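Note sheet for the following structure.
The values are calculated or read from the model by the stated rules, or taken from the named source; none is laboratory data. Source: prediction; values computed, not measured. For neighbour counting, all protein chains shown are included, and Cβ atoms are generated from backbone atoms with ideal geometry for every residue, glycine included. Please note that ligands, DNA and RNA were not included when accessible areas were found on the heavy atoms of the full protein model with its side chains. Shrake-Rupley method; radii C 1.70, N 1.55, O 1.52, S 1.80 Å.
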Amino acid sequence: MFSLSLRHGAHLAPLEVWHAEEFAGHLDRAREHIRPWVGAGFVTGDVDGARATLRRYAERQAHDGGRLYGIRRDGVLVGGVMFTDFDAALGVCELGCWLEPSAEGLGLVTQASRALLDWAFTSRGLHRAEWHCRADNARSAAVAERLGMRLEGVLREAWPYDGVRYDKQVWAVLAPEWHALNR
Ligand SMILES: CC(C)(COP(=O)(O)OP(=O)(O)OC[C@H]1O[C@@H](n2cnc3c(N)ncnc32)[C@H](O)[C@@H]1OP(=O)(O)O)[C@@H](O)C(=O)NCCC(=O)NCCS
């Protein structure tokens, strides 16, 4: 019902339990593209799995925790952004994102992530926003950099995938840095 306009005619809106079939259809288009780079639990194989993910985020949101938002282009769900973690008491959140291949290269995730960061820092008064990615995920690291985040460290071999352990990067931006960049 409520949505935010993004560039290229795309829109950002909450992704909720009743979107399970649409979300499952989108995952069919995105699955192999995102599988190496996102949490294993996110890459489900059917409508029940998709619904379980949406329900998990709905429960987190009910506790003022994580939140999930879809990006639609021409009415088609092409990806999204989320607070994988949101801790108002601690003043810290973590963002995540994904796109199906057809929506890459348009700046949609950068713009959508800016909306989430602005809400976290301005409306909610959080102090720190993190971005975690596999160290060899150049496109994801590029988004963090475009958002004004700083690479704070590398957690060695912290990301197991398909029998190999990959390094994980931790990027972050602090509220004063965000406000200075977005005056
Ligand atoms: C990570 C991921 C979401 C990045 O997608 P993306 O399209 O590169 O990111 P953005 O939406 O920010 O768009 C940036 C691209 O749009 C281009 N662009 C066009 N207009 C733009 C604008 N106004 N502002 C910013 N970028 C713009 C940029 O040049 C860049 O393209 P390039 O890398 O080919 O130069 C995507 O690669 C993906 O889903 N990967 C698999 C899942 C994944 O890795 N998720 C993250 C887990 S940590």
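Counted by Cβ distance under 13 Å from E21, the other residues give a net charge of -4, where Lys and Arg count +1 and Asp and Glu count -1. Accessible area per residue for the chain is 51 Å², calculated with a 1.4 Å probe on protein heavy atoms, without ligands, DNA or RNA. Using 0.36 nm per residue and subtracting the Cα-Cα separation, the extra length available between A13 and R165 on full extension is 51.3 nm. The residue among P36, G163, T122 whose Cα reaches farthest toward the positive pole of the charge dipole of segment 4-181, with charges on the beta-carbon of Lys, Arg, Asp and Glu, is T122.
In plain terms, the bigger the Kirkwood radius, the slower the diffusion; for the chain, with that radius from Cα pairs, at 4 °C and 1.567 mPa s, Stokes-Einstein puts D at 78 µm²/s. Between A115 and A58, full extension at 0.36 nm per residue minus the direct alpha carbon distance yields a gain of 18.6 nm.
Computed from backbone phi, the HN-Hα couplings of segment 155-172 come to 8, 5, 6, 8, 10, x, 8, 6, x, 10, 9, 9, 6, 10, 8, 10, 10, 7 Hz, rounded to whole numbers (Karplus: 6.51 cos²θ - 1.76 cosθ + 1.60, θ = phi - 60°; Gly and Pro given as x). Carbon-plus-sulfur accessible fraction, the chain (probe radius 1.4 Å, protein heavy atoms only): 51%. For a test of the definition: using alpha carbon positions, the gyration tensor, and the 1.5 limit on a/c, classify segment 93-183 as rounded, prolate or oblate. Oblate shape, in that a/c is at least 1.5 and b/c is the bigger or equal ratio.
By the helix-only formula, in which each DSSP H run with n ≥ 4 contributes -39500 (n - 2.57) and the sum is divided by residues, the chain has a 222 nm mean residue ellipticity of -9500 deg cm²/dmol. Across segment 79-118, the residues whose backbone nitrogen lies under 14 Å from the label position 7 Å along the beta-carbon direction of H179 are 118.
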